[in-house]
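Nothing in this text is a laboratory measurement; each read-out follows from the coordinates by a stated rule. Predicted model only: the values in this text are computed from it and were never measured. Glycine gets a Cβ as well: all are built from the backbone with ideal geometry, and neighbour counts include every protein chain shown.
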Amino acid sequence: MPPNATVGRVSMQEREYDIVIIGSGAGGGAAAKELAPLCADGVKIAVLEMGAKLKEEEYSGREVEMSRRLYIDSGGTLTRDRAMTLAYGQAYGGSTVVYTGTSLTMPEEVVKRWNVPGLEYEDLHRRSLKYLEENNVHLLPEDELNDNNRLFLEGCTKLGYHIEQFPINVKGCLSSSLCNLGCPNQAKQGTHRVQLPRAEAGGVEVITNCRVARIVDRVCEAVVTDPGFGEPSPWAPGEYRVKAKVVVVCAGGAVNSAALLLRSGFGEQLPNLGRYITLHPALILVGEHDRAITNFFGHPKSYYCDEFWKSDRFLLETCMYFPFVTAKNLIGFGAEHSDLMRAFPRLQMILVLALDPAIADNRVTVDSDGKPVVDYTLTDDVLDTLHSSMLASARVFFAAGAKRVHAPAGATFFIDAADAGRIDELIPRENVLPGKISITSAHLMGGCRMGRDPGDSVTDGWGRVHGTPWLFVADSSLFPQCSEINPYVTVMGLADRVAEAIRNNAGELLSS
Amino acid sequence: MKSLSQEKAEFLRVLAARIVPETTELDSAGMGRFFGLIDEALLERPAAVRRQFGIYLGLLRWAPLVRFGGPFENLRADRQDAVLRWFESCPVGLLRAGFWGLKVLIFMGYYGQPETNAVVGYAPERDGRAGLHAGA
């Protein structure tokens, strides 16, 4: 709904709760579960989620169909300059429905780098460990790892690169490899499987297909629609005014939380609102082996390499994507491109994550229709990082035995193993051209950053919006800088703090 | 297509033949799915983006006039590829991004069809354990 749209009073329906949480992903789901015990004391809590709750049989594993059901803009939200695409979820469970479930806790030095008053590493770590336990996080046994992951291990080990196995949050994984399209086997322990059902059992109401347009004086102006799939929303389609008597918690993710608060007029009092977005700009790279490997059976993401974390500011992770996503991440077209696509069962894949700096001008704004717009500049340093990561990945592929490698900045479409010693020459830095190379992001962070005061941030260290005691943020938008790891456990840890702040101040908030 | 005129849709078919040559082997049902997926993707974008895409197609079609003396569809295949390569690496970032967007739509139209999974050897299964351990 446009920010200035008049909401007709004739059809408007009113609802009233004590606490309204907007968004049901890692942040909203964790906050809902933590606050649910208050329902036993008569506190009314609602979660408003813009996405649908899919029926189990709707997890089809079909690439485009699931992308349209589970991702905003089908996973192809463009930055304003169209040099990057952003993939983030919309569903009962938010992006936790579509991630791979890799579960890491923040390194101590990153928390210290964040330098948020009142946020101590020990506290965040303790809470993160709670969610590792809650989400059944563990290491997969070796015999459940596929060739794609083993080859990454082999390549990194030969090169002497430091590598770690990802702990993941699955229960009853059947190795479908379809994590990013929503697990069809209910194995991934996202908030849709763990925190939201617990919250609902405790009395929290979750309203799906419900998009909040803006918040005015603790009233969320929302619209419920019928997308034509999923379980019906508990509320009939139409317009709603949802009053939060005590607290509103924004947990719509980095883009949507910032956009919602901007539409709601908070930009004037909070000059940093929407700013300091970080994205972990990512590349998907492939190497071709001369034999079929197991790549689309088995969990797609078992290892990461942090050898270059400090020196060159990137991580390498294993990954496995689907034909369309793979095709669009290759450079070029025509016969060469088709040739590589037809090698799909022989492809090894690596995901690069660049650890990008927090820059004020990288920001979320809203257009005249109230829709979010993301301005993001790939700095020369980040492009250097992406270049270095391509070189490192090519070395890993060849060390793992790949017969040829496709590097998006390569001087030629393929680099053959015979030329492995000329990688530096064959992948020139000047070929790292934004707009030509497919650069994506699935880790959207910042925009409502934590900090000391409105001069440097949007919220305090407990997620409370400066100057608005009834308004909290509980998602990755709180990150003052990038997390330098896959972020969902940290989001849960921060949401856990937000819930505690609300519980501890319930009396004060009720009387305010 | 609801999102593009018949003329532009036909031109998209010409471009698709260079970008994914296998599109020329699609039967009418396959081409229907190809255009259907692209149509859905364009329709979920703002009208301004659809207009810009239409303009971009026009640019691709007529840009070769100066260099090669005719519209894109009249060029030899190697010249068509040269035009596309120029746009892909164009010094103007927005034109590069536009070409990437065109490729994405065509890749979606072809590789986004479950029916083409077999062409590339992609055969996922809900229970992938047997496939995972097949070679063990």
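Points worth noting:
- Short-range pairs are left out: with C-alpha atoms under 8 Å and at least six residues apart, the relative contact order of chain B is 28 percent.
- From least to most packed, judged by other beta carbons within 10 angstrom and beginning with the fewest, B:27, A:312 follow the order B:27, A:312.
- Relative packing of peptides A:459-465, A:249-255, A:427-433 - highest average C-beta neighbours within 10 Å first: A:249-255, A:459-465, A:427-433
- For residue A:436, a cut-off of 16 angstrom between C-alpha atoms picks up these lysines, skipping any fewer than 8 places away in its own chain: A:328, B:103.
- Remark: mean inter-chain Cβ contacts per residue of B:101-111 equal 6, using a 10 Å Cβ-Cβ cutoff to other protein chain atoms.
- Shielding by partners - mean other protein chain Cβ count within 10 Å, residues of A:333-345: 5
- Region A:34-57-region B:41-91 distance, computed between alpha-carbon centres (Å): 49
- An oblate overall shape is assigned to region B:6-113, the ratio a/c of its alpha-carbon gyration tensor axes (a ≥ b ≥ c) being 1.5 or greater and a/b not exceeding b/c.
- Applying a threshold of 25 Å to the alpha-carbon distances of A:130/A:171; A:53/A:245; A:44/A:371 flags A:53/A:245; A:44/A:371 as lying beyond it.
- Residue mean of other protein chain beta carbons inside 10 Å, A:57-68: 3
- Computed with the Debye formula from one identical point scatterer per Cα of region A:1-147, without solvent, the log10 of I(q)/I(0) at q = 0.15 Å⁻¹ comes to -1.19.
- Whole-angstrom gap from region A:354-422 to region A:166-211, using each part's C-alpha centre: 31
- Total charge dipole magnitude, chain B, about the Cα centre, Cβ charges on Lys, Arg, Asp, Glu only, Debye to nearest 20: 560
- Other-chain or far-sequence residues with amide H under 5 Å of residue A:358's (modelled H): A:482
- For residue A:78, the amide hydrogen comes within under 5 Å of the amide hydrogens of A:86, counting only partners 5 or more places away or on other chains and with H modelled in the peptide plane.
- Amide hydrogen neighbours beyond the local backbone of residue A:373, cut-off 5 Å, H modeled: A:365, A:366, A:367
- MRE, 222 nm, helices only [DSSP H, n ≥ 4, -39500 (n - 2.57), over the protein assembly as shown, to nearest 500]: -10500 deg cm²/dmol
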